[in-house]
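The values are calculated or read from the model by the stated rules, or taken from the named source; none is laboratory data. Predicted model only: the values in this text are computed from it and were never measured. Neighbour counts run over all protein chains shown; Cβ positions are idealised from the backbone, glycine included.
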Amino acid sequence: MEKRVPVLFLCLAWMMLVVASPMVSANAEGEALNNFKLKLQDPKNTLESWDPALDSPCTWFHVTCNKENSVTRVDLGNAGLAGELVPELGQLKNLTYLELYGNKLSGKIPSALGNLMNLQSLDLYMNNINGLIPDTLGELKQLQFLRLNNNSLSGLIPTSLTGISGLKVLDLSNNFLSGRVPYDGSFSQFTPISFNNNSNLCGPIIGKPCPGSPPFSPPPPFGPTSSPDNESSIRPGRNSNAVIAIGVAVGAALLFAVPVFGFAYWRRRKPHEFFFDVPVYISSAEDDSELKLGQLKRFSLRELQVATDGLATRTSWEEVDLARCIRDAC
């Protein structure tokens, strides 16, 4: 019986430790955030809900936690805050987003932020932060967005940042950075826009040679050159392009010419209609052969041919002569 008591005691102690560990972690993160609050001036009372007496910071505004009550986001952009960053922020082990842009923060970037191994976005732009960019930020291997623009940062750009393979967005513009811009690793994908308005920066990315370095070689010409050695290899390509152009031109000409010639051929083959004004005799009691005004009638050639078939059997030779004249006209 005496042996069972220590075992039962150990089980109870282990269960209490498991239950209490999230609370201890939450309290530690709450203390870290409260230390940050104590360094800030908050004219808008944005941090009014940050009560250190509460068991967990997960109930605070602008703070997001996961299911284990661990802080994952701090969203304080454009909150009107003034003050400094504190090293205790590096204790937020599960933090993924630290959004502090658009405030009046000053001082230096704590090197302890390099402990935030799960951090994906670090937005400190549009503040009054000065000093160097810590080398420890290169330890943030999950980082995708790093925006430190529009501050007063100075010194060199750490080469350790090029080792962040997942970095998608980088903005270091509008600072006082100097020296050579790294252009290997993840930095190879960025353009001069990421480094604008840092007058003392140099390097291939921004197109400005560094002091003591040889000038950049001009970029290779676009397309093949016309040297005698490769002229024979260029000519077939040009000839093929010319053949293609001529073929397109001929095809376009035929596309318009065929309908025109077809219409002209149809007009030529269509039989022309001839019309004749033929006097019409009306018999009367006084004079059977008298031609009255308005007794002319227009007939087509085909109508006259049909009407004069077998006319030779009639007694009027004048009509026979008229029929022969009409047939000769055919």
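When the stretch 111-125 is limited to residues that are in a loop (DSSP other than H, G, I, E, B) and touching a strand residue (DSSP E or B) at 6+ places or on another chain (Cβ under 9 Å), the one that is nearest to Ser186 (Cα to Cα) turns out to be Gln120. Residue pairs whose Cβ atoms lie under 6 Å apart, sitting 6 or more positions apart in sequence or on different chains, and linking a residue in the stretch 61-83 that is in contact (Cβ under 8 Å) with a residue 40 or more places away in the chain to a partner that is surrounded by 18 or more Cβ atoms within 10 Å (Cβ to Cβ) and among the aromatic types (Phe, Trp, Tyr), are Gly77/Tyr101.
Filter the stretch 156-173 down to residues that are of a type in the set (A, V, I, L, M, F, W, C) and under 18 Å from Pro192 (Cβ atoms) and give me whichever is surrounded by the fewest Cβ atoms within 10 Å (Cβ to Cβ).
Per the stated criteria, the residue is Val169.
Of the residues in the stretch 206-213, none is at pLDDT 95 or above, over 25 Å from Leu95 (Cβ atoms), surrounded by 14 or more Cβ atoms within 10 Å (Cβ to Cβ) and not β-branched (Val, Ile, Thr).
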